[in-house]
C-alpha cells in the first residue's frame, strides 16, 4: 500500500468511526508502528487533520470542535503521486496563460497544497517548472489589465463600457457591450460580446481593451447556438456571414505534418495517389487563412475558391514588389 493510499485509508477510518485503536490501525494498514507514527504526523502537520488521542474511548478520533483545522484536504479528492505530478504540470500550464497576472495569487496556494499532498519535497513544483518549457509564439505582451472586470461581467451577466483600440484602423472607440464568452486562441484572449453601438455580435481582442468599466445593467444574453453560428463556423478568429470552403493541396513532403494538424473542427482531408494531401476548411474571412497558407510557401497550392487564390496571388505580387521584383527571402 502506497503512502497516499495509507493516508486516504486513515482519513476514511477516522471519518467513518467514532474512534479507532492503535492496534486496529496497524492491522488495517499492515505497517510498522514507526510508519503509522509518520503517517499520523504527516496528517497532523502537513494536512492539518485534527487527529487526537481519546483516553476515554481508547483510540484515535477527529477533533470535530477544532475550528482552526477545518480545511485540511482537497474536498473529496485524494491523489496518487503520479496524479499530483500531473496536476502540478497542468497548474504550470495554467499559470503561463497569464504570467504575473490575475491567476498568480490563486495558483500559488494550489502549488503549496499539491506539494503537501505529495509529501515530497519542497522542490516538486520547481522541478516541474524546470522540466516543462512553455513557449508562447505570437503571444502579445500587453498585460491583461481589465481581465477581472471582464470576468466579473461575464459571470454576473452585467454590461461593460470599454474603450477599444482597433489596430487595423488605428482608431479608438468607446462602446457599451454585453460580454458573452472568453476565448483563448493562439496564445491570446478574445471576448465575444454583443456590441450595443453596432447592434451586432463582435469579437474583441482583450489586450486591445484600454479601459473597462463594469455597469450595473443586465447584459443582453445571446443563445450559444447563435454565438456558434455567427462567430464559430469560419476559419480562425475572424467572423462573417458568407461561409466558403477553401481547398488546399500540400506537397508530399509537407503532407506528413499537415495531415496530423487541426485547422478547424469541420475540416476534411485526404491523401492523393502521389502522396500530396488535400485539406478542406470553411472560412468567412480570408485574412487569417491566407497567413497560414503563405507560411507553407511553395508547398501549398490554393485549389479554390478563385477569390482566395486571387488574394494569395495579390499578396505574393506585393511581397515580390517590395523586394524589387525578386522572390522574397525564404
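The values are calculated or read from the model by the stated rules, or taken from the named source; none is laboratory data. Only a predicted model underlies this, so the values are computations on that prediction, with no experimental measurement involved. Heads up, the Cβs are rebuilt from the backbone with ideal geometry, glycines too, and the neighbour counts pull from every protein chain shown.
What number of residues within the range 29-49 satisfy the criterion of being crowded, with 16+ Cβ neighbours inside 10 Å and closer than 17 Å to residue 59 by Cα? Matching residues across the range 29-49 total 6. If we scan the range 179-189, do we find a residue that is more than 17 Å from residue 236 (Cα to Cα) and either assigned by TED's automatic domain parsing to the domain that holds residue 159 or part of a strand (DSSP E or B) (or both)? So far as the range 179-189 goes, yes, one or more of its residues are more than 17 Å from residue 236 (Cα to Cα) and either assigned by TED's automatic domain parsing to the domain that holds residue 159 or part of a strand (DSSP E or B) (or both).
For the range 284-309, the set of residues classified as part of a helix (DSSP H, G or I), farther than 12 Å from residue 246 by Cα, touching a residue at least 40 places away in the same chain (Cβ under 8 Å) and in contact with a helix residue (DSSP H, G or I) (Cβ under 9 Å, 6 or more places away or on another chain) consists of 287, 299, listed by residue number.
Please state which one of 210, 198 is at pLDDT below 95, part of a loop (DSSP other than H, G, I, E, B) and under 15 Å from residue 162 (Cα atoms). Quick ask: steps written out before the conclusion?
Working: 210 fails: part of a loop (DSSP other than H, G, I, E, B).
Criteria check complete, one pass: 198.
Determine, yes or no, whether residue 281 is in contact with a strand residue (DSSP E or B) (Cβ under 6 Å, 6 or more places away or on another chain), under 24 Å from residue 188 (Cβ atoms) and assigned to a helix (DSSP H, G or I). No; evaluated as a whole, the condition is false for this residue.
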